[in-house]
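Q: Encoded as structure tokens, here's the structure I'll be asking about.
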Amino acid sequence: MHQNNLIYKGYRLTAKVSRGAGAEIEAPPSGPVFIASVMVVQAGAVLEGGDEYPVPCFAEGGFVFSPREAVHAAILHGREIVDGLTNMSS
């Protein structure tokens, strides 16, 4: 099982994976496809829900063939968001 949570530079990144179907996918292949978004919250915020961000490749209609790939794309995008947040506050 691929881990869908990561603590990065003081932020908790959580990938939210779902099966891609319907309107998001124009020509679905045979078999399941997956998309994801990422939740970003400060690691110490226990009760706070954080902010959910779409992953650009999925927001543009893309998809992947395994949950692991969806998690990887979401966490990678979350790291980019955190890098932008930490560079802005410097």
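Q: Under 5 Å between amide H atoms, partner at least 5 residues away or on a different chain: which partners does Ser66 have, H built in plane at 1.01 Å?
A: Phe34
Q: Using amide H atoms built 1.01 Å from N in the peptide plane, name the residues 5+ places from Tyr8, or on other chains, whose amide H lies under 5 Å from its own.
A: Leu13
Here, each number is a calculation from the coordinates, and none is a lab measurement. It should be emphasised that the depicted structure is a prediction, and the values quoted were computed from it without experimental measurement.
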